[in-house]
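Have a look at the structure below, then the notes.
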Amino acid sequence: MLSRGESFITLQGTPPESLLDMVAELAGRPAPDAEPPRPDGRAVATAFYEPSTRTRLGFHIAARALGLDVMPLDVAASSVSKGESLTDTVRVLADYGIAALVLRHPDPESMAVATAAGSCPVINAGNGAGEHPVQTLIDLAMIHRRFGRLTGLNITMTGDILHSRTIHGLIMALSLYDNRVTLVSDPALRLPADLGGLAVRRYAPRLEETDSLTRSILKTTDILYMTRVQTERGSENRPIILTEQVQQALNQDAIVLHPMPRTVELPEWFDSDPRAAYLRRNHVGLTVMTFVLETVLGGKNEND
Ligand code: MLT
């Protein structure tokens, strides 16, 4: 849940009405303000134990837009390479007076460790194959911008369903409303058992798992949400690729989303297709990251 002055670890537990209000407000927000409030002398630390382009740099820009300093921890050059634990690293940052920590870490338990170790709020920028609630808010805001609602939609999610934290977050958020989800992946990359059980209970019978992106699925899809196969988490299986046949069969009113980075599954030639909504992700991302940071630091949040 995203609440003033609190860590932001998961969207789960957010009442559907509050989430909808927040997403509707975000979807209508202009780009970050040029003259933001300036809470002087406060720094936001970013610690990325996994690679990142958009989220890491986006939080740097968002922090500066809010008049904050940025303290990026260079994980490879820090004492982490000498065996320093996450608890000790977070304690250093907290003792140095940071206002918030943006953390990405391969261990799903890392957010619990970091929130227990430090006295500052933690923003979950991805905990292994767990969640990435910032990206989930971005995805929801983009869906709301296009459809004006979060309900009554057919969402087809493809790729590494097993490891994609952005799929895990989005599937649970969309299960709060009345939606239909089709998961298309190599059989070895299906939903993990724990999440699968929960998702199936929440969606049943509106959730299907299959291994091929058929014409009939594409014809009724409102949102095609694609992901890459995550080789860094041991996946070696077949990607689901946006081919010319997929382009032709896809509902003309659909949008295609992708959390990025892309590999072979989403070819650059598709960028000129009007359904390529993923191209707007970076702009919406800055709005969402500024909002998350402002809220976590106890700033104004009209949804409270
Ligand atoms: C993530 O950090 O989860 C990315 O945005 C998606 C990916 O790594 O494929």
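The table that follows gives values for the structure above.
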read-out: Charge sum, other residues only, whose C-beta stays under 12 Å from Tyr177's C-beta, Lys/Arg counted +1 and Asp/Glu -1; value: +2
read-out: Sum of side-chain charges, Glu109 neighbourhood, beta-carbon under 15 Å (Lys, Arg +1; Asp, Glu -1); value: -2
read-out: Rounded Å value of the spacing that divides the Cα centres of the stretch 80-134 and the stretch 153-204; value: 26
read-out: Computed helical MRE - 222 nm, the chain, DSSP H runs ≥ 4 contributing -39500 (n - 2.57), nearest 500; value: -10500 deg cm²/dmol
read-out: Cα convex hull volume per residue for the stretch 133-281 (Å³); value: 103
read-out: In nm, spacing of pseudo-spin labels at Arg42 and Val92 (7 Å Cα→C-beta vector); value: 2.4
read-out: Globularity index of the chain, i.e. its alpha-carbon radius of gyration over 2.2 N^0.38 Å; value: 0.99
read-out: Net charge contributed by nearby residues that have their C-beta within less than 13 Å of Gln230 (K/R +1, D/E -1); value: -2
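Every number in this text was worked out from the coordinates using simple rules, so none of it is lab data. Keep in mind it's a predicted model, so treat the numbers as computed, not measured. When we count neighbours, we look across all protein chains shown, and the Cβ atoms used for this are built from the backbone with ideal geometry, even at glycine.
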